[in-house]
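The structure appears right after this line, and notes come after that.
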Amino acid sequence: MDVHLTIHGRQGLAGQIYRQLRAGVMDGRLAPGQRLPSTRKLALQLGVSRKTTLDVFEQLIAEGYLRSRAGDGTFVADAMTRLAPPPPKPATSPAMGAIWEAMEGALPMTPTVTPPAYDFVGGVTDKGLFPFDQWRRCVSHALRVQARGRGAYHDPAGEQELRLAVARYLAFSRAVVSDWQDVIITQGAQQALDLLARIALRPGDVIAMEDPGYPPARIIFAVLGAQVVPVPVDEEGLVVDALPANARMVYVTPSHQFPLGMPMSLERRLALLEWAQRHGVLVAEDDYDSEFRFEGRPMESLKSLDTAGVVAYVGTFSKTIFPELRVGYVIPPAPLGLALRRAKQVGDWHSCTMTQTALAKFMLDGYFAKHLRRMHKEYAARRTALLEHLRGDLAPWLTPLPCAAGIHLVAVLRAPHDEADVIRRAAAESVGLYGTAGMFASEAPRPGLLFGYGGIGVAAIHTGLGRLANVLAGQHRGTA
Ligand SMILES: Cc1ncc(COP(=O)(O)O)c(C=O)c1O
């Protein structure tokens, strides 16, 4: 049978023929067992010498793509059936595929290419206020340390000085008392949650998490095959009485419930610890936004109240420095320490040592504490500006939820306003708003807007929210 090959120019003729025949075999256009034209016929057809086609066939036979039968001809090798094209895709994807396909919409914080002028996106910090001069000194120090190193793999749990700096910082700021050796450095809180789920859950196991809750955490648990059971929250945080009795792990954000913002009451914290101890369940405490507290006395972390050893404490530098740093940490209950280190090693061996050394110096030299104090003041001013509007000109449409900490807050949108519609209209006025409906796993999400103030200054907050008031007033007039 004829084979359709194309020759361009007179250079590398054998290579051109070889690549096209090989590709035809690999992608199944030349089926296993199919007879090829003779080398003489092919040479004539392509206008090349017979030696060229002979050389190509010999090479493809030697490599196993073709086979020759003496006196009969040359055929596509049967072994090539295993490279046959995949069967057509079924109409519905298998469950795991569907999870990956649904992911884009479930990660709402992915920044747009050109952010709107007045962007209230959550999960970002103000890099303009970060002390890059001091950071540069720390990075230079880390480079000098690197230059003296052996060029070998390091401890999966992280660099000693950073683990020490984190342990000291947590003892002081969160009353989390730990030995530096209990601290495991991760690629952000996200990897800490991934590792915890890997060591604590098997496919099909139940993990309970707040509803609404943090979508990237929900995704991690789901892709690992766990059954994620949403548990409602009220004004005191996670409703402990609603926890499923068969849960093997609970994921919570007690300092600043994600996304609604209320802290978990002390009573609930104690109830959760008691429940977890009774059921032998691991509690992953995500303390992601605890550093910036604006009202009231700091709430004890679950970890600091945990006498039974059920809490894995997870923290991050994404809010205090910036998310691109990708540094977080986890302090697991002692018996899980070894498995967690091994899981970290299996996943990526260890986090970048240069970043760790720079960050350790940044903390141990006092720059981190100074930066936190400065940012606390700045974020307090932004939060005040935001609340001024929410309690003032925006009050007819939006009600802020009580929230004492963190760098975002949520306001509930009054009926009959539609979350998506308000977001669309605000975008037309260069105001970036983000809804909370997608963060609910339940059927009945409450419409609301998440106002992040990590990346927007006081003046821009006033202008952006002034524009939002006009949008809502216009919509109101339009729907009246
Ligand atoms: C609930 C919650 N946990 C953790 C993080 C930080 O994650 P990472 O340390 O992976 O950047 C965020 C960031 O927005 C968050 O909202």
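The values are calculated or read from the model by the stated rules, or taken from the named source; none is laboratory data. What you are looking at is a predicted structure, and each value in this text was computed from that prediction instead of being measured. We place every Cβ from the backbone using ideal geometry, glycine too, and count neighbours over all the protein chains shown. Remember, those area values only see protein heavy atoms, side chains included, never the ligands or the DNA or RNA. Shrake-Rupley method; radii C 1.70, N 1.55, O 1.52, S 1.80 Å.
Here are the numbers for the structure shown:
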| quantity | calculated |
| --- | --- |
| Helix-only mean residue ellipticity at 222 nm for the chain, each DSSP H run of n ≥ 4 adding -39500 (n - 2.57), per residue, nearest 500 | -13000 deg cm²/dmol |
| Formal net charge of residues neighbouring residue 275 (Cβ-Cβ distance under 12 Å; K, R +1; D, E -1) | +1 |
| Region 324-397 and region 217-232: distance between their alpha carbon centers, rounded to Å | 23 Å |
| Among 158, 230, 62 the positive-end extreme of the charge dipole of the chain (Cβ point charges) | 62 |
| Nearest-20 debye value, the chain charge dipole, Cβ charges on Lys, Arg, Asp, Glu | 1880 debye |
| Long-range amide H partners of residue 432 with built H, under 5 Å | 118, 119, 120 |
| Kirkwood hydrodynamic radius (C-alpha pairs) into Stokes-Einstein, region 13-83, 25 °C and 0.890 mPa s, D in µm²/s | 204 µm²/s |
| For region 167-321, fraction of C-alpha pairs farther apart than 20 Å, in % | 45 percent |
| q = 0.14 Å⁻¹, region 318-451: log10 I(q)/I(0) [Debye, one scatterer per Cα] | -0.90 |
| Ranked by how many other beta carbons lie within 10 Å on average, peptides 377-390, 132-145 from highest | 377-390, 132-145 |
| The chain: angle of helix 458-479 to the longest principal axis, Cα-based, in degrees nearest 10 | 80 degrees |
| Cβ-derived FRET efficiency at R0 25 Å, residue 270 paired with residue 369, nearest 0.05 | 0.25 |
| Accessible area (Å², per residue) of the chain, counting only protein heavy atoms and a probe of 1.4 Å | 47 Å² |
| Rg over Rh [alpha-carbon atoms, Kirkwood Rh] for region 197-280 | 0.95 |
| Charge dipole of region 129-368 about the Cα centre (unit charges at C-beta), most positive-ward option of 336, 282, 259 | 336 |
| Cα-centre dipole for region 343-422 with unit charges at Cβ (Lys and Arg positive, Asp and Glu negative), debye to 20 | 540 debye |
| Carbon/sulfur fraction of accessible area - region 234-343, other protein chains in place, 1.4 Å, % | 52 percent |
| Gain in span if fully extended, residue 140 to residue 376, counting 0.36 nm per residue against the direct Cα distance | 82.2 nm |
| Highest-first arrangement of 25-34, 229-238, where packing means the average Cβ count within 10 Å | 229-238, 25-34 |
| Hydrodynamic radius by Kirkwood, which averages 1/r over all alpha carbon pairs of the chain, in angstrom | 26.3 Å |
| 13 Å beta-carbon shell around residue 117, net charge (K/R +1, D/E -1) | -1 |
| Charged-residue dipole, Cβ positions (Lys, Arg, Asp, Glu), region 129-368 about Cα centre, Debye nearest 20 | 1040 debye |
